[in-house]
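The values are calculated or read from the model by the stated rules, or taken from the named source; none is laboratory data. Every value quoted in this text rests on a predicted model; they were computed, and no experiment measured them. Counting neighbours? That spans all protein chains shown, and the Cβs are built from the backbone with ideal geometry, glycine included. Quick note on the areas: whole protein, heavy atoms, side chains included, nothing else; ligands and nucleic acids left out. Shrake-Rupley method; radii C 1.70, N 1.55, O 1.52, S 1.80 Å.
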Amino acid sequence: MKPENIQHLRTTYKRYYHSSVDSLPDGWVAIIDDFLLALEGMGDFLEPASVRFEQTPSGLKAFAFPEVSRWHPEQMNALRIAQRELYGRSQQTCEVCGNPGAIEEGHVHCIGHAGDDPAEARAGALYQECRVLFPEVHGNAINLDVPDYLFDLLANTLRAILKLVVKEDIVGKVLITRLEYDRECLFVRVSYNDLETVFMGVQMAINEMVADLEALSDELTRRQQGGSDAPH
């Protein structure tokens with residue numbers, strides 16, 4: 001999900017925001033917004049509460065849990081209605097643009113996006129979300145289309161780097177110049193441009209995240225090769 005959409009949900013519904021929303025498609029922002037708005041209208045008994053989202057092949061599911069006391073049966077019923085409505089609307093809302101759509105091989109697309117390759121669309125969405133981390137011209141050196149078992153690891157690392165870069169106000173000074181999966185290995189290279197000495201700790205933190213990403217991707221690939229399913 002794009003940073004501006006994440007920020008909107010985090011700011012508007014700070015009582016219920018959960019990081020699981022960050023990996024959801026941008027086309028579902030409106031229905032997530034409506035669900036959280038429904039929670040807001042159920043009463044103060046929901047504070048504090050834990051809300052988690054999960055995208056499944058059949059639709060978007062939301063799980064909400066009280067952290068202190070039990071909820072009144074009427075509010076529990078209202079919550080179940082909101083959960084069912086979210087789930088049902090997600091089955092009819094395009095993940096890419098939010099227009100009416102239908103489920104297609106575990107993803108929901110409108111007519112305009114029907115037939116889109118889910119992996120390519122997923123990689124494209126992540127690229128747009130983290131685009132300030134990449135040089136304007138990079139050719140094939142930046143390719144986020146990695147095997148399924150690596151995607152969440154890659155996405156979480158890029159989002160962590162992006163969050164740090166934005167927080168430290170050094171956008172444009174930290175650029176990932178190579179990111180590609182080649183010969184069953186993930187290669188990542190980072191360039192630091194005009195970064196003052198005061199940001200040495202930030203640079204070290206990013207280098208550590210990149211090193212962990214490459215090491216964990218190697219380990220996941222070895223596990224995948226040792227199992228019944230080969231990487232694809």
Contour excess over end-to-end distance, with Cα ends at ASP148 and THR56 and 0.36 nm allotted per residue: 31.7 nm
Computed over the chain, the relative contact order (Cα-Cα under 8 Å, seq sep at least six) in percent reads 13 percent
What trypsin sites (Lys or Arg not before Pro) in the range 127-187 are in a loop by DSSP, with at most 15 other Cβ atoms within 10 Å of the Cβ? ARG183
Mean projected area (nm²) from the convex hull of Cα positions in the range 173-232 is 4.3 nm²
Per residue, how much accessible surface does the range 138-201 expose to a 1.4 Å probe? Answer in Å², no decimals. 55 Å²
Stretch gain in nm, segment LYS167-HIS138, where the contour uses 0.36 nm per residue and the Cα spacing is subtracted: 8.0 nm
Name the residues whose placed amide hydrogens come within less than 5 Å of the amide hydrogen of ARG178, ignoring near sequence neighbours (fewer than 5 apart) on the same chain. ARG189
Please identify which residues in the range 81-99 have an amide N closer than 20 Å to a label point set 7 Å out from the Cα of ALA121, following the Cα→Cβ vector. 86-99
At 1.4 Å probe size, with the rest of the protein present, what percent of the exposed accessible area of the range 80-232 is carbon and sulfur atoms? 50 percent
Under a 10 Å cutoff between Cα atoms, tell me which one of ASP26, ASP145, ASP212 has the largest fluctuation in the Gaussian network model of the chain. ASP212
With 0.36 nm assigned to each residue of separation and the Cα-Cα distance removed, ARG189 to ASN99 gains 28.7 nm
For the chain, longest principal axis from Cα atoms; helix 29-40 axis from its Cα atoms; angle between them, nearest 10 degrees, is 50 degrees
Rank GLY88, GLY27, GLY101 by mean-square fluctuation in a GNM of the chain with C-alpha springs under 10 angstrom and give only the top-ranked residue. GLY88
Enter the angle in degrees (range 0 to 90, nearest 10) between the Cα long axis of helix 118-129 and the first principal axis of the Cα atoms of the chain, meaning the one along which they spread out most. 80 degrees
Counting C-alpha atoms alone, how compact is the range 122-232: give Rg to one decimal and Dmax as a whole number, in angstrom. 14.3, 49
Give me the one-decimal nm value for the distance between modelled label points at ARG15 and GLN128, 7 Å along each residue's Cα-to-Cβ direction. 3.2 nm
Between GLU4 and ALA114, the two model label points (7 Å from Cα along the beta-carbon direction) sit apart by a distance in nm of 3.0 nm
Correct response: the longest run of the chain lacking exposed GluC sites (Glu not before Pro), defined by DSSP loop and at most 12 other Cβ within 10 Å, is 1-66
Here the cysteines of the chain without any disulfide-compatible Cβ partner under 4.7 Å are CYS97, CYS130, CYS185
Report, to the nearest 10°, how far helix 148-167 tilts away from the longest principal axis of the Cα atoms in the chain, using its own Cα long axis and a range of 0 to 90°. 90 degrees
